[in-house]
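Trainee: Below you will find the structure I want to go over with you.
The values are calculated or read from the model by the stated rules, or taken from the named source; none is laboratory data. Remember, it's a predicted structure, so these values are computed and weren't measured experimentally. As a convention, Cβ positions derive from the backbone with ideal geometry for all residues, glycine included, and neighbour counts pool all protein chains shown.
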Amino acid sequence: MYKITRKSDRNLKHLTEFKDIFEIFTSEDTEKVSINTVEGTGRFDNVEATSNFYYFVYQGELTLEFSDETITLTEEDAIWIYIGSKYNMLGNYKVLMVCEPAFKD
């Protein structure tokens, strides 16, 4: 079996004027993982990883500020952020985001 999610089926979540999330697969599809695309410009502070977050940058540049380190990712870079981590996101980027277990609102 399989499930297809077409572009026209995706839900848009407008988090701030700087960050949008397009839901591809959510916790309603499976509790194991959720998959989203995230588009951001500017700064988004006080993010807490409520799941294991995996980001793959497919366009632009994403900077992540952790309490002790700042990391900049460019196209085709990826990062795994452990559950419970806190950070800020900034840049002009488009990323594929996988949450494990699935992100719940």
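Trainee: Filter the range 1-35 for residues that are farther than 25 Å from ASN92 by Cα and of a type in the set (Ser, Thr, Tyr) and give the result.
Mentor: TYR2, THR5, SER27, THR30
Trainee: Select from the range 29-80 the residues that are in contact with a strand residue (DSSP E or B) (Cβ under 6 Å, 6 or more places away or on another chain) and of a type in the set (Gly, Ala, Ser) and list them in ascending order.
Mentor: SER34, GLY40, ALA49, SER51, GLY60, ALA78
Yes or no, residue by residue, for (1) farther than 12 Å from GLY40 by Cα; (2) in contact with a helix residue (DSSP H, G or I) (Cβ under 8 Å, 6 or more places away or on another chain); (3) among the polar types (S, T, N, Q); (4) surrounded by fewer than 15 Cβ atoms within 10 Å (Cβ to Cβ):
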site: GLN59; (1), (2), (3), (4): no, no, yes, yes
site: LEU73; (1), (2), (3), (4): yes, no, no, no
site: GLU76; (1), (2), (3), (4): yes, no, no, yes
site: ASN92; (1), (2), (3), (4): no, no, yes, yes
site: ALA102; (1), (2), (3), (4): yes, no, no, no
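Trainee: Provide a single number: the residues in the range 16-40 that are more than 12 Å from the chain's Cα centre (by Cα) and assigned to a strand (DSSP E or B).
Mentor: So the count comes out to 2.
Trainee: Right, another one. Among the residues of the range 86-105, write down those that are among the charged types (D, E, K, R) and part of a strand (DSSP E or B).
Mentor: Across the range 86-105, the qualifying residues are LYS86, LYS94, GLU100.
Trainee: Being of a type in the set (Val, Ile, Thr) and surrounded by 10 or more Cβ atoms within 10 Å (Cβ to Cβ) is the filter here; which residues of the range 1-27 pass it? Show your work before the answer.
Mentor: Residues of the range 1-27 that are of a type in the set (Val, Ile, Thr), as a first pass: 4-5, 16, 21, 24, 26.
Correct list: THR5, THR16, ILE21, ILE24, THR26.
Trainee: Of all the residues that make up the range 42-85, how many are part of a strand (DSSP E or B), more than 22 Å from ALA102 (Cα to Cα) and either touching a residue at least 24 places away in the same chain (Cβ under 8 Å) or not hydroxyl-bearing (Ser, Thr, Tyr) (or both)?
Mentor: 10
Trainee: I would also like to ask the following. Looking at THR63, THR72, THR41, THR26, which one is polar (S, T, N, Q) and at pLDDT below 85?
Mentor: Going through THR63, THR72, THR41, THR26 in turn, just one is polar (S, T, N, Q) and at pLDDT below 85: THR26.
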